[in-house]
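Below: one structure, written as structure tokens.
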Amino acid sequence: MEPVDLKADGFVLDQFTAADAPALLAALDDDAIGQWLSGYRLPDERAALAFIGYRAWQWAADQRCSWVVRDEDGRIAGEVCLRDLDHHDRSALAVCWTASTQRGRGVAVSALKAALQFGFEVVGLHRVGYRHSVANHASRRVAEKCGFTLEGTLRGAELVHGVHHDLLQWSRLATD
């Protein structure tokens with residue numbers, strides 16, 4: 001599938017470019033993101049370029065729809081993804097993060113709502129899951145504001161920095 005740009009409440013959702021590597025590296029050098037998401041710490045600009053290239057490959061391979069979220073000045077505000085695309089079951093898993101300089105502005109909620117609409121209306125998804133650590137209260141608010149239904153707790157389901165976290169599992173259906 002070819003990438004598609006979206007608009008969401010004053011934010012633009014488009015694709016990372018090589019020029020974004022320094023800003024991406026800076027945005028992900030954030031203890032709050034690292035606390036909840038493993039594998040998002042990038043050691044250098046070369047790794048940031050590899051991350052950007054991998055995102056482009058995932059779009060082309062029809063594995064993930066992902067967008068960099070930009071503010072009105074074009075700065076990186078975060079990222080939102082529909083990953084693990086399963087075209088047979090018409091399902092995906094939503095993931096998002098917000099840059100520290102952009103928190104409190106509704107970035108994740110606006111971007112995720114736009115990604116959900118794209119997933120349901122364009123990709124034809126039936127179900128999108130969303131999960132996060134039980135201790136990540138900001139992600140819980142995102143799930144609630146985006147209309148997800150809490151399904152339960154996945155005990156010890158994610159290893160982050162050597163510690164297993166319980167995850168809350170949410171879902172949203174195209175029929176919701």
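The values are calculated or read from the model by the stated rules, or taken from the named source; none is laboratory data. The shown structure was predicted, so the numbers you read here are calculated from the model rather than taken from an experiment. Don't worry about glycine lacking a Cβ; one is built from the backbone with ideal geometry, like all the others, and counts go over all protein chains shown.
Identify all residues within region 41-61 that are surrounded by fewer than 17 Cβ atoms within 10 Å (Cβ to Cβ) and not basic (Lys, Arg); write none if there are none.
PRO43, ASP44, GLU45, ALA47, ALA50, GLY53, TYR54, ALA56, TRP57, GLN58, ALA60, ALA61
Just to be sure before I move on: is ARG131 closer than 18 Å to TRP36 by Cα and of a type in the set (D, E, K, R) in the structure I sent?
Yes; evaluated as a whole, the condition is true for this residue.
Could you check region 17-66 for helices (runs of 4 or more DSSP H) lying wholly inside it with 3 or more residues that are small (Gly, Ala, Ser)?
Output list reads 21-28, 45-60.
If the Cβ limit is 8 Å and pairs must be 6+ apart or interchain, which residue in region 41-65 that is farther than 13 Å from ASP29 by Cβ pairs with which residue that is outside any loop (DSSP other than H, G, I, E, B) and among the hydroxyl-bearing types (Ser, Thr, Tyr)?
Here the result reads ARG55/SER66; GLN58/SER66; TRP59/SER66, each pair linking region 41-65 to a residue that is outside any loop (DSSP other than H, G, I, E, B) and among the hydroxyl-bearing types (Ser, Thr, Tyr).
Quick one: count up the residues across region 26-52 that are at pLDDT below 90 and among the basic types (Lys, Arg).
1
So which residues in region 37-94 are in contact with a helix residue (DSSP H, G or I) (Cβ under 8 Å, 6 or more places away or on another chain), closer than 20 Å to ARG131 by Cα and small (Gly, Ala, Ser), if there are any at all?
SER66, GLY78, ALA92, ALA94
With the condition kept exactly as written, say whether any residue in region 36-58 is in contact with a His (Cβ under 8 Å, 6 or more places away or on another chain), over 24 Å from HIS126 (Cβ atoms) and not aromatic (Phe, Trp, Tyr).
Yes: one or more hits.
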